[in-house]
Amino acid sequence: EKGGYDYFMLKEIAEQPKAVADTLLGRIDLAGNLCLDEVRIPASVLREVSKVVIVACGTAYHAGMIAKYAIEHWTRIPCETELASEFRYRDPILDQRTLVIAISQSGETMDTLMALRHAREQGAKVLAICNTNGSTIPRESDAVLYTHAGPEVAVASTKAFLTQLVACYLVALYLGQVRGTKWGDEILSVIRELSEIATQVEEVLETMEPVRELARTLADKNTVLFLGRHVGYPVALEGALKLKELAYMHAEGFAAGELKHGPIALIEQDVPVVVVVPSPRGRSVLHDKIVSNIQEIRARGARTIVIAERGDETVAPYADHLIEIPATPTLLQPLVATVPLQVFACELATARGNEVDQPRNLAKSVTVE
Ligand code: F6R
């Protein structure tokens, strides 16, 4: 059942290229158009959407944070992403023109379910992104886009996260297509790159041995910090969450621009800091900012573990450890940048003698508050 792997988590990490490809399957036609008829919200309704609100918990929330960057960039519709546990207890401003997207692997997370009920009571349309057929969240939503990750057994979410991202990109691109906003060369080229992304995830998986070796050398550390900007920021949060839940280590993710507002005080000799570097092409401002952040923390003694695009020579001199990933458009980078962080957390947990598939105090599906 574990298919020759020691843990379900390792098996599920390895299944990611297939999970991603399956989630794309049949949803993009040969001409590069999105075919999401299964999302049974009429195009006329989608054209009228004035705001998107994404609600989710944990790892699914990180997928939602990334979706915000994609939705606003490709559709120009204002989008907020909120923790379901916060959203359900406040008075959010929603109406018939609000599209609420609830993201959940299990489809049974209590806070996410309550958030979607809260939204529907106010007349908002709810679209679920879910991995479990017929579970409660899709049943109570107006529409559903299923992720096709297959069953995820390990408590820590890996392949479900990547497929949640794919589903979010599909929804963002579909909204763009239906509304005709910014529907141009950029979108078509992104769709092309998205259809090939499974191969790149595969490439990342083939180069993970140095990441495992590195993780083993850090088993006695007390803390690991994670930095990112733009979509790299939720990736940093996800890397930190994986490490907390699996390795039981103190880990924190920060937006790199916040360093000077406090977190830089945590940097001392030899603290491992993982930095997610955006592509040097395209938005080079982001890239240059993060290169200076790496220099700043390294000057204060940090041990820098840098995840960067293959061939990005500007960061190499400041990386104590360089983890190279394939080139992708910035918005899609989380699909490849997250994978090394999953492997890193899994290996550290193993090195510390932890139960990888069943971390202490955690349940796969959180059906209580
Ligand atoms: C982390 C993890 C959790 C879940 C969260 C939401 O690895 O698995 O943070 O992502 O409990 O679960 P779902 O997606 O089932 O609503």
For the chain, built as a Gaussian network whose Cα springs stay under 10 Å, the top-fluctuating residue of Pro272, Pro317, Pro78: Pro317
Under-5 Å amide H pairs with Ile28, H placed in peptide plane, nonlocal only: Cys35
Length gained when the stretch Lys221-Lys289 is fully extended (0.36 nm per residue, less Cα-Cα span): 21.7 nm
Solvent-accessible heavy-atom area per residue, rounded to whole Å², over the chain at 1.4 Å: 40 Å²
Rounded if a/c under 1.5, otherwise prolate or oblate - the stretch 1-156, Cα gyration tensor axes: oblate
Principal-axis tilt of helix 232-247 within the chain, Cα atoms, nearest 10 degrees: 70 degrees
Inter-part distance where the stretch 176-241 and the stretch 268-303 are each reduced to a Cα centre, Å: 16 Å
Long-range HN-HN contacts of Phe254 with modeled amide H, under 5 Å: Phe226, Leu227, Gly228
Centroid-to-centroid separation of the stretch 141-169 and the stretch 77-128 [C-alpha atoms, Å]: 17 Å
Separation of the Asn33 and Tyr248 label points, Cα + 7 Å toward Cβ, nm: 5.5 nm
Gyration tensor verdict on the stretch 279-319 (Cα atoms; rounded if a/c is under 1.5, prolate if a/b is larger than b/c, oblate otherwise): oblate
Nonlocal amide H pairs with Ala102, under 5 Å, H built at 1.01 Å: Val55, Leu127, Ala128, Ile129
Listed residue pairs exceeding 29 Å between alpha carbons, taken from Lys242/Lys289; Lys18/Lys289; Lys51/Lys242; Lys2/Lys68: Lys18/Lys289; Lys51/Lys242; Lys2/Lys68
Exposed-site-free run, longest, the chain (rule: chymotrypsin sites (Phe, Trp or Tyr not before Pro); DSSP loop; at most 15 other C-beta within 10 Å): 249-369
Computed [θ] at 222 nm, helices only, for the chain once each DSSP H run of length n ≥ 4 contributes -39500 (n - 2.57): -13500 deg cm²/dmol
Two-site label geometry, Asn133 and Glu186: point separation in nm, points 7 Å out along Cα→Cβ: 3.8 nm
Residues Ser44 and Glu296, FRET efficiency given R0 of 45 Å [Cβ-Cβ distance, rounded to 0.05]: 0.35
Global geometry of the stretch 196-263, whether rounded, prolate or oblate, following the gyration tensor of its Cα atoms and the 1.5 cut on a/c: oblate
Mean separation of Cα contacts under 8 Å (6+ apart) over length of the chain, as relative contact order %: 19 percent
FRET efficiency estimate (nearest 0.05) - Cβ-Cβ, Arg76 to Thr207, R0 35 angstrom: 0.40
Where the Cα pairs of the chain fall when distances are cut into 20 Å bins, in %: 31, 59, 10
Highest-first arrangement of 151-157, 111-117, where packing means the average Cβ count within 10 Å: 111-117, 151-157
Phi-based couplings in Hz for the stretch 338-346 (Karplus 6.51, -1.76, 1.60; Gly and Pro marked x): 6, 4, x, 6, 5, 5, 4, 5, 5
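The values are calculated or read from the model by the stated rules, or taken from the named source; none is laboratory data. Since the structure is predicted, the reported quantities are computational estimates derived from the model, not experimental observations. Here Cβ is always computed from backbone atoms with ideal geometry, including for glycine, and neighbour counts include all displayed protein chains. The accessibility values were calculated without ligands, DNA or RNA, using every heavy atom of the protein model including side chains. Shrake-Rupley method; radii C 1.70, N 1.55, O 1.52, S 1.80 Å.
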